[in-house]
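Okay, structure first, notes after.
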Amino acid sequence: MDYLHYGTMFSYYSAKTRAVMSFKRIPFVEVYDPRELSGRIQEATSKRMIPVLVAPDGEILQDTTVIVDALEARFPDRPVFPADSAMMLLSRIAEFFIDELWITTAMNTRWNDPVSKAFAIGEFGRGIGEAHGLEGEAAMAIGQRVADQMQSYLPYLGIGTEDGQRIASQFFRTATLKLNNVVGKDRYALGSRPWLIDFVLFEGYYAHHYRDAGAAQQFLKQEAPQLCYYLDALHAGHCIAPEGEPGISDALVDYLSYVGPSAAAFGAALELQAGLLAAQSAPGRVFEKGIDPVTFDLGGESFSRGGSTFGVWKLQRVRAAYQQMDEEAQQAIAPVLTQIGWADVLAADPGFRLERKNHLTHLA
Ligand SMILES: N[C@@H](CCC(=O)N[C@@H](CS)C(=O)NCC(=O)O)C(=O)O
């Protein structure tokens, strides 16, 4: 039996795990079964989220970070983790950024553009409504219901106001033009073949900006054609030759120097708030909490949005990758970390540690 990947083409996070599996040439089937998701999968993971990966032996893996870590250990051929600790650190930084902050731009593109919104509601009807065994208007009504739920997150993501939408749009456009200088045909973030950082960037663009019809898609096709080529290649990762050593280009540093400081500022602000909550919580306990909006600099403008202790766990995971590096490697990458705005947050000691056990964030 093959792996079962519970996900959809229009889901932001599913793109990361699907592309990794494709690159690794792992046989898998993508399914979306609402009964399974609300039944045994939710029971096992305490969440109703996609993607979820069910292994041939029935093991259930939830969360893209957990899934990719497990796949890399089980399928070491065509690796996606660079052996070089500095390249891995940059990949983890990008992962925090794309998973936790860049999603704001993807939700903005999808739900605050009427063309994209209409397309997404249709996709939800076809993908989710029809999976419930419904057709036509009944399927579309389910699509509308899920769409309403997704749009209820917009204020939390900082894009419920016109000002927030404008700042997120500007950040999307500037970052995208810079990334378009990094990647292209046979050109990945770290060289001639993809690594984790590329699957993460693919997640950041594929389902919303690239796949939804609308203004962002037009912008990508017209202004960022190299990036479009790259996204197509990663969608068919099994065809990519795995040769080449990773390296850091000036164009990548330029891109990271634009997005990096915003990601670090967001992470630091969330961690500060999580520290206040941790001071009132018992160690060893489940620590899954929302974090009220924090204000930070996004692409040069003041921006506010909420977060979660889960996001802080992911930030601390980046810091752990830094702490595991030997001193020589830390010193060699120090100038780049300073340039991309991550030196301080990686060196900080927040005074508490989060861990993930049984699919949930815990206070250690
Ligand atoms: N941290 C999770 C995030 C997964 C996630 O948020 N998935 C979205 C779809 S792209 C979802 O299932 N959302 C359901 C909801 O928030 O109600 C991961 O990396 O897998």
Given the structure, is GLY125 touching a helix residue (DSSP H, G or I) at 6+ places or on another chain (Cβ under 8 Å), part of a helix (DSSP H, G or I) and more than 22 Å from THR64 (Cα to Cα)?
yes
Mind counting the residues in segment 32-43 that are assigned to a loop (DSSP other than H, G, I, E, B) and within 12 Å of the ligand (Cβ to nearest atom)?
1
Take the residues of segment 196-241 that are hydrophobic (A, V, I, L, M, F, W, C) and either outside any helix (DSSP H, G or I) or touching a Gly at 6+ places or on another chain (Cβ under 7 Å) (or both): which is nearest to PRO27 (Cα to Cα)?
ALA236
Note: among VAL146, VAL80, VAL115, VAL68, just one is of a type in the set (A, V, I, L, M, F, W, C) and in contact with a Pro (Cβ under 9 Å, 6 or more places away or on another chain), namely VAL80
Take ALA120 and decide whether it is under 21 Å from TYR206 (Cβ atoms), touching a residue at least 24 places away in the same chain (Cβ under 8 Å), of a type in the set (A, V, I, L, M) and assigned by TED's automatic domain parsing to the domain that holds TYR206.
no
Assigned to a loop (DSSP other than H, G, I, E, B), of a type in the set (A, V, I, L, M) and under 17 Å from GLY299 (Cα atoms): is that true of ILE167 in this structure?
no
I'd like the full set of residues that are more than 20 Å from GLY311 (Cβ to Cβ), within 16 Å of the ligand (Cβ to nearest atom) and part of a helix (DSSP H, G or I), limited to segment 44-85.
ALA44, ALA70, LEU71, GLU72
When residues of segment 134-153 are limited to those that are surrounded by 19 or more Cβ atoms within 10 Å (Cβ to Cβ) and either under 30 Å from PHE303 (Cβ atoms) or among the small types (Gly, Ala, Ser) (or both), the one modelled with the highest pLDDT
ALA147
Quick check on segment 99-112. Is at least one of its residues within 14 Å of the ligand (Cβ to nearest atom), aromatic (Phe, Trp, Tyr) and farther than 30 Å from THR176 by Cα?
no
On the basis of being outside the structural domain of ILE121 (by TED's automatic domain parsing) and within 22 Å of ARG92 (Cα to Cα), does PHE202 make the cut?
yes
Which residue is nearest to VAL80 (Cα to Cα), if the candidates are limited to segment 9-31 and must be assigned to a loop (DSSP other than H, G, I, E, B), within 11 Å of the ligand (Cβ to nearest atom) and not hydrophobic (A, V, I, L, M, F, W, C)?
TYR13
Evaluate segment 184-195: report whether one residue or more is buried (at least 19 other Cβ atoms within 10 Å of the Cβ) and in a helix (DSSP H, G or I).
no
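The values are calculated or read from the model by the stated rules, or taken from the named source; none is laboratory data. Since this is a predicted model, take the numbers as computed values, not measurements. Don't worry about glycine lacking a Cβ; one is built from the backbone with ideal geometry, like all the others, and counts go over all protein chains shown.
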